[in-house]
Every structure is written in structure tokens, then in C-alpha cells.
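Q: Below is one structure. I have some questions about it.
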């Protein structure tokens with residue numbers, strides 16, 4: 001194993017000699033995973049890249065990723081300098097890259113919330129109080145999601161005084177908010193936690209049969225998605241670059257571009273806005 | 001559960017003096033083990049109304065949308081590129097190892113490397129190389145090299161020594177080896193390499209699930225987000241790609257393709273060697289060691305607490321689920337292999353029907369298990385059952401595909417018996433040992449592939465590994481990956497000890 005790792009190191013170093021030359025340092029790279037529609041990802045976000053490029057006067061490139069953890073890795077490794085993170089992945093990323101800053105969030109992200117949804121057979125109905133869902137089957141969204149996993153798990157532990165694995169008959173991770181809706185609607189799971197925006201846009205698109213699945217509880221609000229930028233962009237793209245990026249994001253008002261996220265506008269944000277998310281993540285043991 | 005028995009002649013039931021044959025014992029024990037663990041496995045069927053979603057899926061299947069995917073041509077190219085470069089690099093690394101494979105250190109190292117699924121290799125390399133093509137290529141070529149080493153070694157070992165005798169004894173060692181050994185097994189080596197290329201295409205697509213820019217990238221998104229028309233189109237393209245390999249990639253053109261692949265590969269971004277250093281010296285170390293400045297400061301108690309928690313809460317339950325799933329899948333695979341072989345055998349059906357059978361084998365072995373499990377999850381609910389069925393269909397079809405090739409080559413004697421009897425009493429007994437040998441080779445792969453279902457949420461070791469990657473706990477992930485590999489190696493050793501059948505090298509992928 002040791003010799004193998006050495007071999008890799010050697011290969012990597014040799015390769016880096018060949019490819020090092022053509023890697024242009026002047027390309028500003030970003031990544032984003034929208035919470036709802038992931039189709040035509042590159043086509044849509046290349047529009048955003050074009051916009052940023054015009055505003056910033058540097059070449060801007062979009063890199064598609066598959067998961068929040070991949071986005072965090074790319075950010076940490078400086079393969080992207082700017083990222084549209086979920087609440088939790090943003091916290092993870094800023095912990096790993098000292099000096100990085102949250103610079104903007106979606107207008108809706110200041111008071112984001114999760115819905116708990118249930119299959120009609122459970123007989124549960126919308127209530128103000130935390131619903132009695134002990135011993136039901138339950139599905140989260142993806143493992144790294146704030147609205148589909150972190151916050152729901154926190155409220156479950158707070159109200160049921162148990163870890164989800166003990167509180168529920170079966171716990172699943174659907175991997176995606178749309179999947180959560182589909183799986184609860186078809187009865188695969190009895191209850192699920194879902195991003196409220198995804199639910200509402202699916203409802204508006206007529207994808208939900210409200211006779212089969214309905215919202216039974218909504219969580220208190222918390223901060224979620226945000227743009228986070230690395231500290232070293234100032235050194236690579238000139239002093240004041242962070243502010244320029246922030247201004248470009250805040251001024252992004254073309255509905256066409258905002259639809260990709262989807263958010264109505266971007267507003268200012270700073271690291272300490274996300275302290276609640278970090279506290280919760282520590283409390284349920286997702287970060288140390 | 002007694003289907004396999006109907007397909008075999010069972011003299012023992014009629015004649016009490018006849019003991020059970022070796023293969024009957026093996027077959028019975030597979031099913032016995034499966035029956036014993038069945039009550040402990042989670043195979044509950046939960047579903048109320050999957051039909052809304054199933055209708056959507058069926059709708060997508062009949063209205064495939066080939067234009068919904070962006071950069072489709074690029075995705076196809078990259079799928080092929082990763083596979084070609086991965087296999088070639090695997091050959092370059094693996095073929096020389098085959099010559100020294102008899103050394104226990106080499107063979108156990110290879111078994112270890114082979115035991116780690118491409119997805120995990122990719123997740124590890126992702127931390128160092130990022131979303132660079134290098135991640136995908138290395139993730140394919142390392143386990144492939146280890147497999148090539150083993151199979152090539154087996155093939156060379158089984159070759160006859162007689163050609164050596166006709167070579168002048170004064171000839172040098174290299175010539176003797178090349179003309180006496182390699183020359184006679186060359187066709188086998190070639191055909192195995194061709195087969196591995198098909199496997200590499202599948203692996204390449206599967207790597208898309210975690211972010212490589214191959215067909216799997218778009219396929220996973222399409223299915224996960226319910227864009228079934230797009231998903232169906234991508235599946236069809238992928239099946240067509242695999243089904244037509246021999247037309248678009250004849251062995252002679254492999255070199256040409258390799259050159260094209262290297263030229264058209266997406267750019268390899270700058271590799272930062274400090275990332276590798278950080279990964280090895282910090283990321284993969286246990287938190288107690290990584291956070292301590294000197295060795296003296298390491299808190300050994302917290303290190304042991306960390307390890308025992310990881311081991312007891314994740315490794316052990318994960319390993320139990322992995323083994324349960326694999327053993328049940330093995331029995332189910334046996335059933336599917338037998339039925340699928342029957343379906344496509346030319347000894348039973350007229351030619352047009354066997355084409356149909358072989359077409360279903362193509363679909364069964366080309367559709368990634370992930371997608372199969374995804375569909376069965378909608379149908380049967382979130383237990384282990386969808387994974388068992390997906391593994392059985394996929395592996396059963398691979399085995400049946402290889403067995404049909406062999407059994408169709410058998411020329412039975414002209415006898416006055418019905419086709420069915422001829423199939424049952426002549427073809428099956430002839431082909432059964434090699435089918436079983438293939439199945440035990442596949443068992444190793446079944447255990448590896450349980451990893452993929454972890455990502456779908458079935459609590460195998462793969463589930464815990466995936467969770468640790470998403471929580472950015474690489475040290476935990478690495479320990480669990482090592483546990484998975486050791487489990488695989490242990491299973492391999494045990495199954496070899498228990499079943500001392502001669503090493504036929506109809507290996508599989």
C-alpha cells in the first residue's frame with residue numbers, strides 16, 4: 001500500500017509537470033447545485049458564468065458536481081473558488097478553508113424551512129404541534145442536505161428525544177427532495193422531510209396528488225443556501241475582488257438567471273448568519 | 001424455492017444407494033444457507049400505490065427523449081474514453097503482475113485492490129485529483145489491473161506444457177515462454193480482454209453516479225429527478241453501446257481508439273501535489289492523531305474510543321448486512337442464471353426465440369444495478385429485496401450470457417429424445433460445473449457491488465462509507481473501505497477452501 005501511494009505520488013508529480021503549464025490561473029471557477037431542478041445544469045449555469053464574466057472582467061467557468069460533498073471537496077482543493085452551498089455544506093466548507101466567507105444568500109434563504117409530509121394512510125393532518133410520528137417509516141433527502149436532513153433530524157431529536165434510528169421503524173435517505181415526495185406519495189415511506197420550496201414548486205407544477213400526500217408540520221425558520229468565496233481570490237484576482245463578486249451577485253436581477261437557483265434575489269450574508277446551522281450540526285454529531 | 005432441482009437430474013431421489021453428487025451438495029447448501037438467513041434479512045414488502053410512479057416510468061420508456069440531455073455526445077465519448085484508457089492502463093499494470101502472481105504477497109495485494117469497488121477508488125481519488133479524468137481512469141485501472149493479474153495468471157497456468165517440449169532446450173527463457181506458453185493462450189487472453197472492456201464501459205458509466213462526466217452522470221440525475229423519458233433514452237443509448245461493441249471496437253482498432261481517447265479526453269486540470277500530501281498526512285489519519293502535534297501528545301484513549309465506536313457501530317452492522325445481502329443474492333443469482341440460460345439456449349428453442357432470449361440477457365447485464373434497484377425500490381419498498389433482485393438479475397444475466405456461449409458450442413449426439421430431455425440430461429450436466437464455477441467467481445463481485453446499494457440507502461458497508469464521505473470524515477471512510485476489502489479477501493479465501501474445484505478461468509467481471 002505504501003509503495004503504491006508513493007507510486008501514485010510519483011505519477012501525479014510527473015503528470016503535473018506536463019499539465020501544469022496549460023492550467024490557466026486566471027480562470028475564476030464556481031460550482032452550484034440547485035435544490036430543485038438539476039436537468040440541463042451546465043447549459044443553465046453557463047449563462048450565470050457568462051454574466052459573472054461580464055461583471056468581473058475575468059474568465060468565469062462553471063463546474064457541475066453531483067453532491068454537496070463533492071462541492072465542498074472542490075472548494076477546499078481550490079478547484080472552485082466560489083460555490084453555491086447549502087447551509088450545512090457551506091459550514092463544512094468554511095471550516096475547511098480558513099478565511100473563506102459567505103457573501104450572499106438567496107432572499108428566501110434568510111428564513112428557510114422544511115416541511116414534514118405524510119402519506120394519507122397514516123391519518124396525520126397538518127398541525128402546529130410536532131406530529132406524533134414515532135415508529136413510522138421516515139425518509140430524509142440527501143445525507144448532506146440542510147433542509148432535507150440536518151434540520152429535520154435536529155427537530156426530531158429535540159421533540160422525540162431519540163435518534164431517528166431509534167425513533168422510527170425505518171429510516172431512509174431518498175437522495176433528493178423530489179424523490180422524497182415521490183416516495184412518500186407512493187407509500188414507500190410513511191413520512192418524509194422536504195425542502196419547502198421544492199414542495200411548493202412541485203405542487204404548482206401539478207406533480208403532487210394532495211389526496212395521497214400532505215404537509216403535516218412545518219419547521220421553524222433557519223438560514224440555508226449561500227454563496228461562499230475563498231479568501232485567496234484577493235491574491236489571485238486582485239484586491240477588492242471579493243467585493244466585486246458580492247456586488248455582481250447582489251445585482252443579478254435577470255429572472256432568467258435567478259430561475260436556475262431558483263431564488264427571487266440575492267441579499268448580503270456573512271459567516272455568523274450561519275452559526276445556528278453549525279450549532280445544530282455539532283449537536284446532532286454531523287460535524288465534530 | 002426448489003426450482004433449481006427441477007432442472008437437474010436427481011438420481012439420488014430414485015436410488016437410495018446413490019449419494020448426492022458434488023454439485024448437488026453445493027447447490028443445496030447455497031439454498032440452505034439462503035433459507036436459514038432469510039428470516040433475519042429485511043425483505044419486507046411495503047407499498048401502497050406505486051402505480052402512479054410506475055405509470056410515469058413506463059410512459060418514459062415508450063417516449064424516450066434523446067434530445068433532453070445536454071452535451072450527450074461528450075458524455076458518450078467520455079464513457080468510452082475512460083473505459084479504453086482504463087483497460088489499457090490496467091493491462092499495462094496487470095499483465096506483468098500475472099507473471100509473479102504465484103507469490104502470496106502479490107496475490108493478496110491484488111485481492112485487496114480488487115476488493116475495493118471502483119466507486120470507492122473514485123471517491124478517494126476525488127479528494128486528491130478532484131473531478132479530473134485521472135480520478136476516473138485510475139479508479140477503473142487499479143481494480144482492473146488486479147483482476148487481469150489473477151485471470152491471466154490462471155489462464156497461463158492452465159495452459160499445456162507440451163509446446164515447450166518442441167522448443168529447442170537451448171532457447172532463452174523469454175522465447176520459450178513466449179512461444180511455448182503465451183502463443184497458445186493468446187486467443188483466451190484476447191477474448192478475456194475484450195470482455196473486460198465491456199465491464200469497463202459499465203464501470204465508467206457507474207462512475208458518473210458520483211460526478212465523472214460519463215453517461216451515468218446524466219442517467220442518475222434523470223432517474224432521481226423523475227425525468228424518465230430522458231433516463232430511458234440514456235439507458236437505450238448505453239445498452240446499444242454495449243450490445244454493439246464488437247462492431248464499433250474490433251480488437252484491431254483498439255490502438256486507434258486509444259489514440260483517439262487520449263486526444264479527446266477532457267483536459268486534465270493542474271494537479272496540486274500538496275493535496276496529495278495533505279490527504280495522506282492529515283485527512284486519512286484518525287482525528288486523534290491528525291490533531292496532535294507530536295506523537296507524545298496523541299491521546300491513545302480517544303483513539304481507541306474512536307476506533308471501537310467506528311468498528312461496533314458501523315463496520316460490524318455494515319458487514320453483517322453486506323454478507324446477508326450477498327448470500328441471498330447468490331441464491332437468487334443461481335435461479336436467474338438457470339432460467340436465463342434456459343431462455344437463450346439454442347438447444348431448447350428455435351433460432352428467433354433465442355435471439356429474443358439473448359436480447360433480454362443483453363438488457364439484464366447492461367442496465368446498471370443501481371437503476372434496477374431504483375425501479376424495484378418503487379415497486380417493493382425500501383428493504384433489501386430490491387437490491388437482491390437487482391444483483392440477481394444483473395449477475396444472473398452475465399453468467400447466463402457466458403454460459404450460453406459455451407453451451408451453444410456443444411454439439412449433442414443425435415438421439416431419439418425430446419429437446420427438453422436432451423437439454424436436461426445432456427446439456428445441463430455438461431455445462432453445470434462451469435456455470436457454478438462462474439457463479440463463485442461472481443460471488444466476489446456480488447460482495448463488491450453491494451457497495452452501490454449503500455449509496456441508494458441499503459445499510460451495507462457502502463452506506464456507511466458513503467455517509468462518512470458526505471460528512472467529510474475521510475479517516476472513517478478509509479477504515480471502512482479497508483474493512484470491506486478485508487471482508488472480501490476473507491470470503492475469497494473461505495470459498496476457495498470450501499469448494500476445492502479446479503480453477504477454471506472463465507472469470508468474470
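Computed from the coordinates by the stated procedures, all read-outs in this text should not be read as laboratory data. Everything numeric in this text was worked out from a predicted model, so none of it was measured. In this analysis, Cβ positions are derived from the backbone assuming ideal geometry, glycine residues included, and neighbour counts consider all displayed protein chains.
Q: Counting only DSSP beta bridges with both residues in region A:113-218, what percent are antiparallel, rounded to the nearest 5? Mind showing how you got there, number by number?
A: Values: 10 of 16 bridges.
The antiparallel proportion sits near 60 percent.
Q: Once you have a ≥ b ≥ c as the square roots of the Cα gyration tensor eigenvalues for chain B, tell me rounded if a/c is under 1.5, and otherwise prolate or oblate according to whether a/b is larger than b/c.
A: Numbers: a/c = 1.34, a/b = 1.21, b/c = 1.11.
Cα axes put chain B in the rounded bin.
Q: On to the next question. Return the whole-Å distance between the Cα centroid of region A:162-237 and the Cα centroid of region B:190-216.
A: So the separation of the two Cα centres works out to 32 Å.
Q: Okay, next question. Which whole number gives the average count of other chain Cβ atoms within 10 Å of the Cβ atoms across peptide A:184-190?
A: The mean count of partner-chain Cβ atoms within 10 Å per residue comes to 6.
Q: Could you sort the peptides B:462-470, A:114-122 by per-residue average Cβ neighbour count (10 Å cutoff), highest mean leading? Don't skip to the answer; put the middle values down first.
A: Details: B:462-470: 25.1, A:114-122: 22.1.
Packing proxy ranking, top to bottom: B:462-470, A:114-122.
Q: Where Rh denotes the Kirkwood radius from the mean inverse Cα pair distance, what is Rg over Rh for region B:204-276? Numbers along the way, then the final one.
A: Values: Rg = 15.7 Å, Rh = 14.5 Å.
Across region B:204-276, the Cα-based Rg/Rh ratio is 1.08.
Q: Can you tell me the relative contact order of region B:65-166? Whole percent, Cα pairs under 8 Å, sequence separation 6 or more. Before the final figure, lay out the partial values.
A: Details: 92 pairs, mean separation 40.9, N = 102.
Computed value for region B:65-166: 40 percent relative contact order.
Q: Would you mind ranking B:247, B:179 so that the residue whose beta carbon has the fewest other beta carbons within 10 Å leads the list?
A: Values: B:247 7, B:179 15.
The fewest-first ordering by Cβ neighbours comes to B:247, B:179.
Q: Further question on the same structure: Between region A:262-286 and region A:55-134, what is the separation of their alpha carbon centroids in Å?
A: For region A:262-286 versus region A:55-134, the Cα centre distance is 8 Å.
Q: So in chain A, what percent of DSSP beta bridges are antiparallel if you round to the nearest 5?
A: On the way: 22 of 35 bridges.
Antiparallel: roughly 65 percent of the beta bridges in chain A.
Q: Using every Cα-Cα pair within region B:211-339, state what percent have a distance larger than 22 Å. Each step should come with its number before you reach the end.
A: Numbers: 5983 of 8256 pairs.
Here the long-distance tail beyond 22 Å is 72 percent of all Cα pairs in region B:211-339.
Q: Out of A:87, A:141, A:172, any idea which swings most in a Gaussian network model of chain A, alpha carbons joined below 10 Å?
A: Residue with maximal mean-square fluctuation among A:87, A:141, A:172: A:172.
Q: If you find the alpha carbon centre of region B:313-327 and of region B:371-405, how far apart are they in angstrom?
A: After rounding, the separation between the Cα centres reads 19 Å.
Q: For chain A, modelled as a GNM with alpha-carbon contacts under 10 angstrom, which of A:152, A:220, A:34 fluctuates the most?
A: A:220
Q: Can you tell me the mean projection area, over all orientations, of the convex hull of region A:113-218's alpha carbons? Units nm², please.
A: Working: hull surface 22.4 nm².
The Cα convex hull of region A:113-218, projected and averaged over all directions, gives 5.6 nm².
Q: Relative contact order (percent) for chain B, with alpha-carbon contacts under 8 angstrom and 6 or more residues of separation?
A: In percent, rounded to a whole number, it is 21.
Q: Right, something else. Any idea what the relative contact order of region A:113-218 is, in percent, if you count C-alpha pairs under 8 Å spaced at least 6 apart? Write down the numbers at each step before the final one.
A: Details: 203 pairs, mean separation 50.4, N = 106.
Relative contact order for region A:113-218 comes out at 48 percent.
Q: Taking each residue of A:62-75 in turn, how many C-beta atoms of other protein chains fall within 10 Å of its C-beta, and what is the average?
A: Working: counts 0, 4, 7, 6, 10, 7, 2, 12, 8, 1, 2, 11, 4, 0.
That average works out to 5.
Q: Something else now. Compare the peptides A:161-169, A:40-48 by average per-residue count of other Cβ atoms within 10 angstrom and give them in order, highest first. Spell out each step's value before the answer.
A: Values: A:161-169: 14.0, A:40-48: 18.3.
So the peptides A:161-169, A:40-48, ranked by packing, come out A:40-48, A:161-169.
Q: OK, next. Using the number of other C-beta atoms within 10 angstrom as an exposure proxy, rank B:262, B:110 with the fewest first. Mind showing how you got there, number by number?
A: Numbers: B:262 12, B:110 23.
If I rank by nearby Cβ atoms, fewest first, I get B:262, B:110.
Q: Something else now. What's the average, rounded to a whole number, of partner chain beta-carbon atoms within 10 Å of each residue's beta-carbon in B:375-381?
A: Numbers: counts 0, 0, 6, 5, 2, 1, 8.
Partner Cβ neighbours, averaged per residue: 3.
Q: Something else: Per the helix-only calculation at 222 nm, which mean residue ellipticity applies to chain B, given -39500 (n - 2.57) for every DSSP H run of n ≥ 4 and division by its residues, nearest 500 deg cm²/dmol?
A: Working: 26 runs with 359 residues, N = 509.
Result for chain B: -22500 deg cm²/dmol, rounded to the nearest 500.
Q: Could I ask something else about it? Can you give the helix-only mean residue ellipticity at 222 nm for chain A, where every DSSP H stretch with n ≥ 4 adds -39500 (n - 2.57) and the sum goes over all residues, rounded to the nearest 500 deg cm²/dmol?
A: Values: 12 runs with 114 residues, N = 288.
Calculated at 222 nm, the ellipticity per residue is -11500 deg cm²/dmol.
Q: Write down the percent of antiparallel bridges among all DSSP beta bridges whose residues are both part of the protein assembly as shown, to the nearest 5. Numbers along the way, then the final one.
A: Details: 22 of 35 bridges.
Taking every DSSP beta bridge with both residues in the protein assembly as shown, the antiparallel ones total about 65 percent.
Q: While we're looking at this one, here's another question. Where does helix A:2-20 land angle-wise versus the long Cα axis of chain A, in degrees 0 to 90, nearest 10?
A: 60 degrees
Q: Find the Rg to Rh ratio for the protein assembly as shown, where Rh is the Kirkwood radius over alpha-carbon pairs and Rg uses the same atoms. All intermediate terms of the calculation are to be shown ahead of the outcome.
A: Numbers: Rg = 27.5 Å, Rh = 28.2 Å.
Across the protein assembly as shown, the Cα-based Rg/Rh ratio is 0.98.
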